[in-house]
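*Asks:* Here it is: the structure, laid out below.
Taken together, the values in this text are just the output of simple stated rules run on the coordinates, not laboratory data. These numbers were taken from a predicted model, which means no experiment stands behind them. All Cβ positions, glycine included, derive from the backbone under ideal geometry; neighbour counts span all protein chains shown.
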Amino acid sequence: MHIDTGDQALRARALRVVPGGMYGHMRTATLPAGYPQFFERGEGCHIWDADGRRYLDFMCAWGPIVLGHRHPAVEEAVQRQMAKGDLLNGPTERMVELAERLVRLVAHADWALFAKNGTDATTTCVTLARVKTGRRKIVVAKGAYHGAVPWCSPSVLGVTAEDRAHLSTYIYNDIASLEKAVARAGDDLAGIVVSAFRHDYGFDQELPDPAFAKCARALADASGAALILDDVRAGFRLTLAGSWDLVDVQPDLSAWSKAIANGHALAAVTGNDEFRDAASQLFVTGSFWCGSVPMAAALATLDELERIDGPAQMHAMGTRLREGLAAQAAAAGIGIRQSGPPQMPTLMFEDDPDCAKGFLFCQEALKRGVYLHPRHNMFLSAAHTAADIDEALAVTREAFGVLDRS
Ligand code: PMP
């Protein structure tokens, strides 16, 4: 019997056995019509959907793919470790090597522990702040994403008031609002959570104002609370030292995941010596957290990012893309806003409250084999070459043309 495996057929099959046909941030329901839900494979900076159509990929699996899909050095390290075993009754030497590597690379890190998802890491940081301080209150930026469990999910479905009883919010980059939130927490403040930069879904991105970053550090110091950096999305793309190293501010704890192992499932928490005892006491674990294969992948990923200066390379390619888009939009007389670091660009259109222009632009690019996102920051990888960027720009020129005529 022939089973149809194209995108439409998979959607129909999934609807019967997968909630909503797909759940969470990878549902295509929030994307323009025509975006595929199912994929078949990836190679370098290309992906193929379930119908075999190839796209130049500017989402990189929403961040994890930092060197390109199936990077040979990473996959070789994976095979080598796989031959010895992944899950054993405890970690292997890979864990110690990787912790040593993070302590060397990450400016604030004196130790590292490992988990699977970004949410594991952010939740562990928040818990650690409470263990260390013996206090309860956590302040987070309004609208910032830190994961999909009750304390931080953007959805309130299934969330009780108690889950968020000790959470209060401030506005990213707004010193007065951060001071107010910290004052409200009073002597019960356990931690201040900051994102690497403001990368909220559907908004222009904002890099951290150095004065805001310094203020967050000073407020944490003055109250004895933890400064927690959620570097899950930006980590290892902007710099290997931790994203706030770029503004010369070091957190106490950082949460990492996404790019750390070029697509293999791994998360990490790094911390400074002040938090070492608390981290030794805390019971955190998971059945798959000690898997050595993703750790071997992470070591190979970090080797390669260091060797080629991945962040600088992605910065150069992201800048090439940004400058090309700016010139095309100007030539077409179309108002656009580009924001965020070049390695993680966001493109929005002026006078586009319902994102109709963004949707049309991305649909036209998709039809021509370039996978963009109309509302979320996109991701460059070190596999994107100047020729790939120029190929993408040849397509976006046509997409701007369609927009101009519409
Ligand atoms: N923090 C940030 C900034 C993220 O972007 C994400 C994932 N998009 C998370 C935390 C949660 O990571 P995960 O989906 O791996 O649990």
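*Asks:* If only one of LEU189, LEU227 is within 15 Å of VAL249 (Cβ to Cβ), in contact with a strand residue (DSSP E or B) (Cβ under 9 Å, 6 or more places away or on another chain) and buried (at least 19 other Cβ atoms within 10 Å of the Cβ), which one is it?
*Replies:* Answer to the selection: LEU227.
*Asks:* Here's something else I'd like to know. Kindly check whether there is at least one residue in the stretch 17-32 that is surrounded by 15 or more Cβ atoms within 10 Å (Cβ to Cβ), away from the ligand (no atom under 16 Å from the Cβ) and more than 21 Å from GLN363 (Cα to Cα).
*Replies:* For the stretch 17-32, residues surrounded by 15 or more Cβ atoms within 10 Å (Cβ to Cβ), away from the ligand (no atom under 16 Å from the Cβ) and more than 21 Å from GLN363 (Cα to Cα): present.
*Asks:* Let me ask you something else. Among the residues of the stretch 221-269, which ones are hydroxyl-bearing (Ser, Thr, Tyr) and closer than 21 Å to ALA141 by Cα? Steps first, please.
*Replies:* The initial filter retains those residues of the stretch 221-269 that are hydroxyl-bearing (Ser, Thr, Tyr), namely 223, 239, 243, 254, 257.
If the condition is that a residue be hydroxyl-bearing (Ser, Thr, Tyr) and closer than 21 Å to ALA141 by Cα, then SER223, SER243, SER254, SER257 are the ones that fit.
*Asks:* I would also like to ask the following. Restricting the stretch 206-260 to residues that are of a type in the set (Phe, Trp, Tyr) and within 16 Å of the ligand (Cβ to nearest atom), which is nearest to GLN343 (Cα to Cα)?
*Replies:* Among residues in the stretch 206-260 that are of a type in the set (Phe, Trp, Tyr) and within 16 Å of the ligand (Cβ to nearest atom), the one nearest to GLN343 (Cα to Cα) is PHE236.
*Asks:* Name, by its number, the condition in (1) away from the ligand (no atom under 16 Å from the Cβ); (2) surrounded by fewer than 21 Cβ atoms within 10 Å (Cβ to Cβ) that does not hold for PRO154.
*Replies:* Condition not satisfied by PRO154: (1).
*Asks:* From the list ARG80, ARG104, ARG54, pick out the single residue that is basic (Lys, Arg) and under 28 Å from LYS357 (Cβ atoms).
*Replies:* ARG54
*Asks:* Please go through the stretch 127-145 and give me each residue that is assigned to a helix (DSSP H, G or I), buried (at least 23 other Cβ atoms within 10 Å of the Cβ) and either within 14 Å of the ligand (Cβ to nearest atom) or basic (Lys, Arg) (or both), ordered by number.
*Replies:* LYS132, the sole residue that qualifies.
*Asks:* Output yes when any residue across the stretch 240-260 is under 13 Å from the mean Cα position of the chain (by Cα), of a type outside the set (Gly, Ala, Ser), within 27 Å of CYS355 (Cβ to Cβ) and surrounded by 21 or more Cβ atoms within 10 Å (Cβ to Cβ), and no when none is.
*Replies:* Yes, the stretch 240-260 has at least one match.
*Asks:* Would you check which residues across the stretch 81-121 are closer than 17 Å to SER243 by Cα, touching a residue at least 24 places away in the same chain (Cβ under 8 Å) and away from the ligand (no atom under 16 Å from the Cβ) and list them?
*Replies:* Residues of the stretch 81-121 that are closer than 17 Å to SER243 by Cα, as a first pass: 101-110, 112, 118, 121.
Narrowing the set further to residues that are touching a residue at least 24 places away in the same chain (Cβ under 8 Å) leaves 101-103, 105-110, 112, 118, 121.
Result: ARG101, LEU102, VAL103, LEU105, VAL106, ALA107, HIS108, ALA109, ASP110, ALA112.
*Asks:* Select from the stretch 252-270 the residues that are more than 18 Å from TYR145 (Cα to Cα) and part of a loop (DSSP other than H, G, I, E, B) and list them in ascending order.
*Replies:* Selection gives ASP252, ASN262, GLY263, HIS264, ALA265, LEU266.
*Asks:* Before we move on, is VAL193 under 26 Å from the mean Cα position of the chain (by Cα), within 16 Å of the ligand (Cβ to nearest atom) and of a type in the set (Val, Ile, Thr)?
*Replies:* For VAL193, the condition - under 26 Å from the mean Cα position of the chain (by Cα), within 16 Å of the ligand (Cβ to nearest atom) and of a type in the set (Val, Ile, Thr) - is met.
*Asks:* Among what's in the stretch 261-298 and is of a type in the set (Gly, Ala, Ser), within 17 Å of ALA226 (Cα to Cα) and surrounded by fewer than 24 Cβ atoms within 10 Å (Cβ to Cβ), pick the residue that is nearest to the ligand (Cβ to nearest atom).
*Replies:* ALA279
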